[in-house]
Every structure is written in structure tokens, then in C-alpha cells.
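First the structure, in the form of C-alpha cells, and then the observations on it.
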Amino acid sequence: MVADVAREPVRERAPLSDLALLISLGFLAVGIAGFIPGITTHYSDLRFAGDDSGAKLLGVFQVSVLHNLVHLLYGVAGLALARTTAGARAFLIGGGLVYLVLALYGVLTPQESGWNFVPLDRDDDLLHLSLGVGMFAFGVLPERGPGRPGETVAGFLASAAIFVSALGLAYRPLRLVPFAILLALLAAAIGGRHARLATIAVYAGAACFVLGLAFAVVTSHPLW
């Protein structure tokens, strides 16, 4: 009996499930941060919904109670679906499509309009577009077999680098994007099956650095 247990193969988590788990934890962190004064500025102006909610996450992204609850629900749903590869893929593709639609809705809806009930501002639209493209792209990528643990770490680092670079487009690029590029370079150094993703993360970081600086100068947002 002991020998049979010893010979039983250890079941490894699929990289797609790990990625969905990481993104879900990110949603939970953002949702919780939206209810923390200091991390969310103008907290006394937080409203349940509507464009009159003046609270801003990190001083940049307009949020409301409804907006924070959506992030938390996304995180909970992702944790539940990330248990299987099929569920993780559904979460990434479905969630990515929802965020792409939300980004388009934000672009087409005037900020002061009553239709802007979430609410959304231009920084939110940019972040939602980046999230939507990233989640959908990861969801449709073909799945490979499990690899060595270091490759999973590289995948986490590269994914985190892309996410942080996207944040740097709208918030303090000199502070966030160099850190994201460092994560991407570490992922590239580990190599393995996520080497291509790490390379994409490096180029994405470089592009976001340039675009983030330009956006900050044009909109008078802080660089650092």
C-alpha cells in the first residue's frame, strides 16, 4: 500500500489556472483597496454609484462602492473557476470580453452623463482596455503541459510585469514601469516555456514607459 502511494504521480496545477488565480487575487486586492482611506483618496466622496462619486483609487482611478464590489465579485469568481483549466480559460476569455465591452462603454459614455453609473473615467477606460486585451489573449493561448516549478514562477513574473506596466500607463510611470521591466527581465532570465511571454513583457514595459511619460505630461499627472 505504501509503495502504491509513493508511486502515485503528483498532480501539478496547470499554468493557466495559476494565471487565473493570480489575476483573481489582484482583483480582490484592488476591491479591498477601494474601501481603504488613504489608498483611495477623497474617500469621503465615495458613493454607491454614479458619476458624482469622487473617490479615486491611488488618486487616479475613479471608484464607487459598486465599482469595488465588481472587483471583489470578479476575484471570487476567478478563485472558484481557477480550480480547473477549463474554468480558468472561461474566466480569462469571458472576463476579458467583459472588460473590453466596459472599456468601449466608458469611451462612448460622457463622463458627466447619467449613463456613467459605475462610474468610469478615462484612466479606468485605459486600464480596462489593457486588462481586457491581456485576459482574452492569455485565455485563447494554447495550453502546454506542466513544466518545472521555475517556469511557473517565470510566468507569474511576466504576467505581473505586463499588469504593472499597464498601470504605469496611467499612474506614475517613472515609479511603476521600471519595476515592471525588472520583473520581466527576471522572467526572461529564468527562461523555459514562458520565455516568449517574458520577451513580450519586456517590450510591453518599454512601450508603456514611453506612452506613460507622454500621457503624464499631456494630462499633467505626476511622473513619479
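What follows draws every value from the coordinates through simple rules; no lab data is involved. Not measured: the values here are computed from a predicted model. Cβ atoms come from the backbone with ideal geometry, glycine included; neighbour counts cover every protein chain shown.
In angstroms, what radius of gyration and Dmax does the chain have, counting Cα atoms only?
Here Rg and the maximum Cα pair distance are 18.8, 69 Å.
How big is the range 62-136 by the Kirkwood estimate over distinct Cα pairs, in Å?
One decimal place: 12.8 Å for the Kirkwood radius.
If we count other beta carbons within 10 Å of each Cβ, what is the order of ILE190, ILE36, ILE23, fewest first?
The most exposed by this proxy come first: ILE36, ILE190, ILE23.
Explain nothing, just the number: relative contact order of the chain, from Cα pairs under 8 Å at least 6 residues apart, as a whole percent.
Contact order relative to length: 17 percent.
Need the C-alpha centroid separation for the range 28-55 versus the range 78-142, integer Å.
Centre-to-centre (Cα) distance: 19 Å.
Find the eigenvalues of the gyration tensor of the Cα atoms of the range 19-118, then list the square roots of 5 times those eigenvalues as equivalent ellipsoid semi-axes, largest first, in whole angstrom.
26, 17, 9
Just want the ordering: VAL218, VAL140, from fewest to most Cβ atoms lying within 10 Å of their own Cβ.
Going from sparsest to densest Cβ surroundings: VAL218, VAL140.
Sorting THR41, THR109, THR152 on the 10 Å Cβ count, fewest up front, what's the list?
Arranged by neighbour count, lowest to highest, THR41, THR109, THR152 become THR41, THR109, THR152.
Hey, got the Cα dimensions of the range 147-224 along the principal axes, in Å, largest first?
Dimensions of the range 147-224 along the principal axes of its Cα atoms: 45, 15, 14 Å.
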